[in-house]
Structure formats: structure tokens, C-alpha cells
Amino acid sequence: MKSPLLSLPGAVPAEGPDEGVAAHYGDLFREQRALADGTGFVDLSHRGVLTVTGDDRLSWLHLLITQHVSELPAGRATEALVLTANGHIEHALYLVDDGTTTWVHVEPGTQGALLAYLESMKFFYRVEAADRTEEFALVHLPAGSIVNPAEGEAAAVRETPYGRDVFLERGRLEEFAAAHGPAVGVLAHEALRVEAHRPRLGFETDHRTIPHELGWIGTAVHLQKGCYRGQETVARVQNLGKPPRRLVFLHLDGSEVHLPGPGTPVRLAADGPDGRKLGFVTTSARHHELGPIALALVKRNVPVDAELIAESTAAAQEVVVEP
């Protein structure tokens with residue numbers, strides 16, 4: 001869905017998974033600094049929005065996802081995953097319940113498959129799941145923002161350490177922008193996500209990623225609950241083994257003109273560009289203070305003090321997931 005905020009002055013459309021909203025509005029670093037200072041908002045109206053209603057909604061979701069939500073208090077934000085039978089990550093959900101409805105936002109384009117899975121698991125539970133993407137849009141207010149959406153302006157709000165996710169009626173986007181701007185593009189939002197070491201489905205994940213590799217244990221996976229698809233793999237790795245890969249944060253050589261893109265091989269610097277591949281870049285960004293940075297998945301046994309290269313770019317690693 002194409003956001004009406006692409007008509008704002010300076011808007012440059014994003015590409016790839018974030019197509020439909022602005023990459024930036026003419027000044028990437030200014031926009032990053034605005035977010036870091038708690039001002040402005042990010043248009044995330046391309047993300048999928050689902051709702052779950054009915055008396056059994058929380059107890060039913062509790063059986064299907066990795067998070068403990070059967071007694072989730074109204075207004076408390078949480079996140080969760082849906083795993084395959086083998087424990088690989090299939091969906092990432094960002095939830096809040098308002099007392100009558102559970103609001104969920106997900107990666108763009110994934111809401112249809114998630115809804116199909118939820119519908120297949122309804123059985124006799126008193127629940128109704130719906131794709132509300134055409135009706136509701138998401139905007140993000142950064143941590144420290146003094147914006148307080150007026151009563152009736154927001155359908156639901158997720159309060160997190162990183163800011164607030166606000167669900168709006170889609171027709172209110174332009175009104176919200178006029179009242180609470182300046183608008184900030186998704187590239188600035190992504191740079192701060194990388195800085196915070198936060199994984200994203202489809203960026204830090206591939207077809208075989210398990211939650212332990214990305215540090216999603218604890219934040220999106222509750223270890224004291226069972227009864228969900230893929231739980232056996234989570235328990236086995238937690239209790240008996242180690243994940244085969246781990247997420248790392250990379251400080252990249254700032255003298256390079258081009259950022260290493262997703263999929264760029266990561267190797268030991270001592271082995272050079274022809275050395276053995278140890279992993280790959282998942283997301284890279286230019287940060288307003290740190291310079292070029294990235295997240296990468298590497299083999300678990302890569303030494304934590306090893307100097308790395310991403311293709312030919314020098315990369316100093318910072319541990320995100322312990323080996």
C-alpha cells in the first residue's frame with residue numbers, strides 16, 4: 001500500500017520490503033538525530049495489521065506463539081514468534097491488548113500467511129482474527145517523544161523502551177503528520193534499529209534461523225511455557241546445546257564509499273577476501289554518530305575478538321549473542 005505521506009516535500013520512496021513509505025525526506029542524518037532526540041515520527045503504514053477479538057483470544061494465542069500471553073495485562077506491549085515444527089522462525093508479531101482486542105503488527109506482506117495459519121488453528125475457540133491493514137496504519141513515535149495522541153486519534157498504542165507504536169485509522173495519516181511532524185524516513189528508523197542490535201524478520205532471518213541465534217530468547221520467547229509449535233527445538237537448544245550461528249554488530253571502516261549490502265560474506269581479516277566464509281551481513285546502515293554499521297550472522301565458534309572483513313571492508317565486531 002502506498003502511503004499518502006509520500007507526497008510530503010522531499011520524500012524519496014523506499015525500496016524492497018519497505019516499499020510504499022518514504023526512505024527519507026531529504027536529510028538522512030538530520031532525521032536520525034530527530035529520532036534520537038525524541039522528535040518526529042516514522043511512517044510505518046506499509047506494515048501489516050491484524051486484530052484478534054473474542055473471549056478466548058489471549059488463551060488461544062498463548063497456545064500458538066512463543067510468548068506467554070494468557071494473562072497479558074491490557075496496555076502492556078510484547079512481541080512473539082511463530083515457529084515451524086522444526087523451530088525455525090516463520091513470523092514475528094508485535095502485540096498489545098486493549099482489554100477487548102489484541103492488536104498485532106507484522107512485516108509488510110506477511111499478514112496474509114499469518115492470518116491463514118491463525119484461521120487454521122481456530123477449532124472451537126471463541127476468537128475472530130482479521131487482516132485490518134486496509135483500515136489501519138502504523139506510525140512510530142520515538143522514545144522521549146512528548147506527543148500524546150488525542151483521545152480517539154489512536155485505535156491502540158504499544159509502549160516499548162524504543163518508543164510507541166501507534167495504530168491509526170488509515171484515513172488519519174495526513175492529519176497525524178500535520179499535527180505531529182516532522183516525518184522521518186524508514187532509513188533513519190533502520191539505522192537506530194541496527195544500533196540497538198534489534199533483529200528484524202526477513203533481514204536477520206533466513207529459512208533456518210532459530211530464536212537463540214538472534215537474541216530473541218527472553219524478549220520474544222518465554223522459556224517457562226510450552227505447548228506451541230517448535231517448542232521442542234527451543235528447549236533442546238536452551239538445555240542441551242548451542243545455536244550454530246550468532247548475531248554480531250559490526251563497526252565498518254568509514255573510509256569505504258559503499259556499504260556492504262545484505263548477503264555480503266564475512267570472513268576473518270587475516271584470511272583476506274578469499275578466505276573461508278564465516279557468515280554474512282544481514283543489515284547495514286549509515287549512523288549519524290557511529291558511521292557505517294551493520295548486523296551480521298556468523299558461525300558460533302568465530303572468536304569474539306577476531307577482526308573481520310565484510311567482502312573487503314574492515315569490520316570490528318561487537319558481541320550481541322554470546323557464543
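The values are calculated or read from the model by the stated rules, or taken from the named source; none is laboratory data. As the structure is a computational prediction, the values presented were derived from the model and not from experiment. Every residue, glycine among them, receives a Cβ derived from its backbone with ideal geometry; neighbour counts consider all protein chains shown. The accessibility values were calculated without ligands, DNA or RNA, using every heavy atom of the protein model including side chains. Shrake-Rupley method; radii C 1.70, N 1.55, O 1.52, S 1.80 Å.
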**Request:** Consider only pairs whose beta carbons are under 7 Å apart and that are at least six residues apart or on different chains; among these, list those whose first residue lies in the stretch 230-255 and is in a helix (DSSP H, G or I) and whose second residue is polar (S, T, N, Q) and modelled with pLDDT of 95 or more.
**Result:** 233/86
**Request:** Collect the residues in the stretch 13-53 that are part of a loop (DSSP other than H, G, I, E, B) and either under 20 Å from the mean Cα position of the chain (by Cα) or among the small types (Gly, Ala, Ser) (or both), keeping them in residue-number order.
**Result:** 14, 15, 19, 20, 21, 26, 38, 40, 44, 45, 46, 47
**Request:** For the stretch 165-190, name all the residues that are in contact with a His (Cβ under 8 Å, 6 or more places away or on another chain) and open to solvent by 30 Å² or more (accessible area, probe 1.4 Å).
**Result:** 187, 189
**Message:** Here's a check for you: in the stretch 270-323, which residue that is under 19 Å from the mean Cα position of the chain (by Cα) and of a type in the set (Gly, Ala, Ser) is surrounded by the most Cβ atoms within 10 Å (Cβ to Cβ)?
**Reply:** 296
**Request:** List every residue pair whose Cβ atoms lie under 7 Å apart, where the two residues are 6 or more positions apart in sequence or sit on different chains, the first residue falls within the stretch 187-210 and is part of a loop (DSSP other than H, G, I, E, B), and the second residue, located anywhere, is hydrophobic (A, V, I, L, M, F, W, C) and open to solvent by 20 Å² or more (accessible area, probe 1.4 Å).
**Result:** 197/320; 210/237
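With respect to residue 43, determine if the residue is among the acidic types (Asp, Glu) and open to solvent by less than 30 Å² (accessible area, probe 1.4 Å). Can you show your working first?
Details: among the acidic types (Asp, Glu): yes; open to solvent by less than 30 Å² (accessible area, probe 1.4 Å): yes.
Here the answer is yes, as residue 43 does meet what is asked.
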**Message:** As an exercise: evaluate residue 202 against (1) open to solvent by less than 40 Å² (accessible area, probe 1.4 Å); (2) on the phi > 0 side of the Ramachandran plot and give the number of the one condition it does not meet.
**Reply:** (1)
**Item:** Residue that is β-branched (Val, Ile, Thr) and more than 24 Å from residue 73 (Cβ to Cβ), where the choices are 160, 133
**Value:** 133
**Asked** Looking at the stretch 226-268, which of its residues are open to solvent by less than 40 Å² (accessible area, probe 1.4 Å) and either over 30 Å from residue 64 (Cβ atoms) or of a type in the set (Phe, Trp, Tyr) (or both)?
**Response** 228, 248, 249, 250, 252, 260, 261, 264, 265, 266, 267
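Which of the strands (runs of 3 or more DSSP E) found entirely inside the stretch 60-141 contain at least 2 residues meeting this: open to solvent by 50 Å² or more (accessible area, probe 1.4 Å) and modelled with pLDDT of 95 or more?
The qualifying strands (runs of 3 or more DSSP E) are 128-131.
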**Request:** Could you please find all residues in the stretch 18-34 being open to solvent by 10 Å² or more (accessible area, probe 1.4 Å), closer than 16 Å to residue 163 by Cβ and not basic (Lys, Arg)?
**Result:** 34
**Prompt:** Inside the stretch 142-152, can you point out the residues that are without any contact (Cβ under 8 Å) to a residue 40 or more places away in the chain and either open to solvent by less than 20 Å² (accessible area, probe 1.4 Å) or of a type in the set (A, V, I, L, M, F, W, C) (or both)?
**Reply:** 150
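Hey, which of the strands (runs of 3 or more DSSP E) in the stretch 279-323, taking only ones fully inside, have at least 2 residues that are aliphatic (A, V, I, L, M) and closer than 18 Å to residue 192 by Cα?
Numbers: elements: 279-287, 291-299, 307-310, 313-319.
Passing ranges, in order: 279-287, 291-299.
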**Request:** Restrict the check to the stretch 16-33 and report whether at least one residue is under 20 Å from residue 229 (Cα atoms) and either of a type in the set (A, V, I, L, M) or without any contact (Cβ under 8 Å) to a residue 12 or more places away in the chain (or both).
**Result:** no
**Prompt:** Which number in (1) part of a strand (DSSP E or B); (2) touching a residue at least 40 places away in the same chain (Cβ under 8 Å); (3) open to solvent by 50 Å² or more (accessible area, probe 1.4 Å); (4) not polar (S, T, N, Q) marks the one condition that residue 158 misses?
**Reply:** (3)
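Against the condition in a strand (DSSP E or B) and crowded, with 19+ Cβ neighbours inside 10 Å, how does residue 5 come out, does it pass? Don't jump to the end; show me each part of the working.
Values: in a strand (DSSP E or B): no; crowded, with 19+ Cβ neighbours inside 10 Å: yes.
No, not satisfied.
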